[in-house]
Amino acid sequence: MTPREKKPLLRHGCAGIGLIILLNAMPAVWAQEITPDTILDYSLQLVQETIQHQPNAPEPYFALGYVYYRASRFEDALAAFLKGLSIKPHQPDIVQMVAFLYARLNQDEKAVEWYQKTLALEPDAPSANERLGIALQKLNRMEEAVQAFEKELQFHPDNASTHVYLAERYLAANRLDDAIRHAEAASKYDERYPEPYYLLSRVYLKQGKQDQANEMLQIFQQKKDAERAYFDSLPQPTDQESALHAAVLTHTDVGSLWYQFRKDAKAISHFLKALSLDPKNEKARYLLAQVYTNRHEAEKAVPLFRELLAMNPNDSRYLLGLGLLLADQKRWSEAQGYLEKVLSLTPHDTAAQVALARVLINNGQDFSRALQLMERVIQAENSAENYDWLSYAYYVNGRVQESIEAMRMALTLDPSNRNYQIRYEKLLSKLNQ
């Protein structure tokens, strides 16, 4: 299989050795104590280094926006996101973040404009229509708000809060049956949600059904008390813990940027620093494992994936990552076990299907299943690499003519690939023997 190209990672036992390396090459800013008073300056210095390295790349400005956002510097965050979008405009997540910030700053006209831009890029963006509806309500554009809420439910019918917002609009319009229907839908999709019951009490009161209104109001109060008790039970981070968490997020984002800029050593040092601050951080550990995998340092990547699976045994990303590494090491039986588990969790994962077909072919097992897997993959993703493995699968099943046709398709999609040309010529010679 051809080596995979590096892809940006920004968008989710062995650490001890790495930390020694980290401490020996630690930038001066990292020696700065991380406190609530210093975290913003600390994070800004980390991101500014990436901006200085690639001033015309959008991603460092997006990272800068998130640093300011975490510090509640919303106007600065907005400026950073807009700078990044001026370089690379069509980014739905960032466009929606801009809309959200305008809403936080009570600039509702601008919020509406940017939520509409979000939906033009991604019509089913989660919660975007709902937030558009909220902004429209604040502008007293009620009919448009109703349309936005209804659109949200077309894409996300299980969004309980949207059902409540729409029910409130129907209650105000005296469409009581519609209000009841949406309030009941909200309570169905989120049984812990108190607001549908308060809304139902208002509807029943308007209908003159005092007993039902009282019953709903009582349920509302019970659920509200339970909600309050739940949130009160959650551990509240101290200011120092919040500062450390912000540092971890920034190191993770900046590490991803350096990896994107092909500065592996810098990327690794940031991920290791994030893990030194939060040893249980899955994202930093996963990104570090990906870097080591792409550097063909399996001896470092494999332990990281095993640690990740100890934290989260059913995460298909970790299972696939470890399965691919073990396959590269020709540890076929172990690799097959992890890949089978991936497919039990996500049956249509094309990468896992290709990897399992590869394992079955190389291990001399169940060639017919390998072919079935590749035929299924090619229907979903007809890449040159997949046609290459489909050709292998046909060949080991004795179907040489079909193997040639699959290899011809691989060459059509990637005509400059010398390996494909050599294999195609060998297949033709076998057919002519």
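The values are calculated or read from the model by the stated rules, or taken from the named source; none is laboratory data. On a predicted model such as this, the values are computed, not experimentally measured, just so you know. Don't worry about glycine lacking a Cβ; one is built from the backbone with ideal geometry, like all the others, and counts go over all protein chains shown.
Set side by side, the residues Glu299, Glu307 differ, and just one is part of a helix (DSSP H, G or I), modelled with pLDDT of 95 or more, surrounded by fewer than 22 Cβ atoms within 10 Å (Cβ to Cβ) and in contact with a helix residue (DSSP H, G or I) (Cβ under 7 Å, 6 or more places away or on another chain), which is Glu307. Only a single criterion out of (1) part of a helix (DSSP H, G or I); (2) charged (D, E, K, R); (3) closer than 30 Å to Pro303 by Cα is not satisfied by Lys426, namely (3). Scanning the stretch 235-251 for residues that are at pLDDT 95 or above and either under 22 Å from the mean Cα position of the chain (by Cα) or closer than 28 Å to Ser187 by Cα (or both) yields His245, Ala246, Ala247, Val248, Leu249, Thr250, His251. Contact annotation: residue pairs with Cβ atoms under 6 Å, 6 or more positions apart or on different chains, pairing a residue in the stretch 83-102 that is more than 18 Å from Val67 (Cβ to Cβ) with a partner that is among the β-branched types (Val, Ile, Thr), are Pro92/Thr118; Val95/Thr118; Gln96/Thr118; Ala99/Thr118.
Restricting attention to the stretch 288-296, does a residue exist that is among the basic types (Lys, Arg) and surrounded by 12 or more Cβ atoms within 10 Å (Cβ to Cβ)? Checked the stretch 288-296: at least one residue is among the basic types (Lys, Arg) and surrounded by 12 or more Cβ atoms within 10 Å (Cβ to Cβ).
Against the test of being closer than 30 Å to Pro89 by Cα and modelled with pLDDT of 95 or more, the options Arg169, Arg175, Arg104, Arg202 yield a single qualifying residue, Arg104.
Do we have any residue at all in the stretch 143-157 that's assigned to a loop (DSSP other than H, G, I, E, B) and among the polar types (S, T, N, Q)?
no
The set of residues in the stretch 343-381 being more than 14 Å from Ala327 (Cα to Cα) and under 24 Å from the mean Cα position of the chain (by Cα) consists of Leu343, Ser344, Leu345, Thr346, Pro347, His348, Asp349, Thr350, Val377, Ala380, Glu381.
Tell me which residues, restricted to the stretch 384-433, are among the basic types (Lys, Arg) and surrounded by 20 or more Cβ atoms within 10 Å (Cβ to Cβ).
Passing the criteria: only Arg423.
Pairs are defined by a Cβ separation below 8 Å, a sequence spacing of at least 6 or placement on different chains, a first member in the stretch 138-151 that is at negative phi, and a second member that is polar (S, T, N, Q) and in a helix (DSSP H, G or I); the pairs so defined are Ala145/Gln137; Ala148/Asn129; Phe149/Asn129; Phe149/Thr162; Lys151/Asn129.
Residues in the stretch 128-173 that are crowded, with 18+ Cβ neighbours inside 10 Å and small (Gly, Ala, Ser): Ala128, Gly133, Ala135, Ala145, Ala148, Ala160, Ser161, Ala167.
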